[in-house]
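A quick write-up on the structure given underneath.
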Amino acid sequence: MPELAPDALLACWERARGRHPLDRALLLYSVAAPDRDPSLLAEQPLGRRNEALLRLRQSLFGDALGCCVDCPCCGERLEFSLRASSLLALDRDDAADVELDGLRFRLPTTRDLARIAGESEENAGAQKLLQLLIEPDQPIDAGSMERLAEPLTRALEAADPCLDFALELACPACAHSWTASFDIAAHLWEEIDARSRRLLDEIHILARSYGWSERAILELSDARRMAYLERAMA
C-alpha cells in the first residue's frame, strides 16, 4: 500500500476536489492500487474498490475510523468508531457473480453506479441497478425482478461483504434503531480534504514567517514542521 508524502497528498487533493463523488472515488482507487490500469478501475467490483480504499485509509490515517451520524428520527448526533482491520477481516469468497433462481448476476461496479446516478427516486435506482447486473441473454420480467430484489441484495452482500458496510445503529436519546451504510470513499475524502487544508495553512504560516518555498516546507518532517510552526505562532 503506497504511503503518500505531503506533496503527493496535496497533489491528490488538488486533482480530486471539485469532481463528482464517483470520479473522486476512482481517483482515490488509482492511488490505492497504483499497479492497476486506471482506465479499468470503473469496471472493478465495488467491494474490491472499497477494500483498496480501506487499506489506503489505514496507511494514511491509521486503523481507527471516527464516525458520526445524525439520528433520522430526532436529529441527535451519534459519534462512534470503527476499525478498518475489522471491516477487512469480513469473510469473502471473491466470486465474480452470484446465482439466484436459475439466473446469474455479476457484482456491481462503479460504472453501474454512474449509470443510475441520475435516478432521483431510491427504489427506482435500486431496481435499475439490479437490472444492470443480470448477465446477458437472461430475460426477466419486472415482476420477477421485484420478487428477487431482496434475496439478490442479500446474496450479493454475502458474496462480498465489502460491497456495502451496513451498520446497525441505535439512538441513545430516542431509542430509534436503523441501518446506515458506511461510505469509505466519502469518509476517506473528508479526511484527505481536512488534512490537505491543514497542510496549506501550515505552508502559508511558514512561508510568511521564514520566506521558504512550498517545496522546502513540505520536505520537512512532520515533527520539524510542527516545531517551526510553534515558534512562528509564539
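The values are calculated or read from the model by the stated rules, or taken from the named source; none is laboratory data. Every value quoted in this text rests on a predicted model; they were computed, and no experiment measured them. Using ideal geometry, Cβ is built from the backbone for each residue, glycine included, and neighbour counts are taken over all protein chains shown.
Here are a few things to note about the model shown:
- Residue in region 203-222 that is nearest to P6 (Cα to Cα), counting only those that are of a type outside the set (S, T, N, Q) and under 29 Å from the mean Cα position of the chain (by Cα): L218
- Any hit, region 168-190, residues being part of a helix (DSSP H, G or I), out of contact with any helix residue (DSSP H, G or I) (no Cβ under 9 Å at 6 or more places or on another chain) and in the same structural domain as G62 (by TED's automatic domain parsing): yes
- Of the criteria (1) more than 19 Å from G47 (Cβ to Cβ); (2) among the aliphatic types (A, V, I, L, M); (3) outside the structural domain of S59 (by TED's automatic domain parsing), which one L133 fails: (1)
- Residue match in region 203-219 (condition: in a helix (DSSP H, G or I) and within 30 Å of F165 (Cα to Cα)): no
- Members of region 136-162 found to be over 21 Å from L46 (Cα atoms) and surrounded by 12 or more Cβ atoms within 10 Å (Cβ to Cβ), listed by number: I140, S144, M145, E146, R147
- Taking the numbered list (1) within 15 Å of the chain's Cα centre (by Cα); (2) surrounded by fewer than 13 Cβ atoms within 10 Å (Cβ to Cβ) in turn, T110 passes all entries but (2).
- Top-ranked residue in region 166-208 [being surrounded by fewer than 19 Cβ atoms within 10 Å (Cβ to Cβ) and of a type in the set (F, W, Y); ranked as nearest to P45 (Cα to Cα)]: F182
- Residue pairs whose Cβ atoms lie under 8 Å apart, separated by 6 or more positions or on different chains, with the first residue in region 107-119 and more than 20 Å from I184 (Cα to Cα) and the second small (G, A, S) and in a helix (DSSP H, G or I), are E119/G125.
- When each of R225, R215, R197, R231 is tested for being closer than 30 Å to L78 by Cα and not polar (S, T, N, Q), the lone residue that passes is R197.
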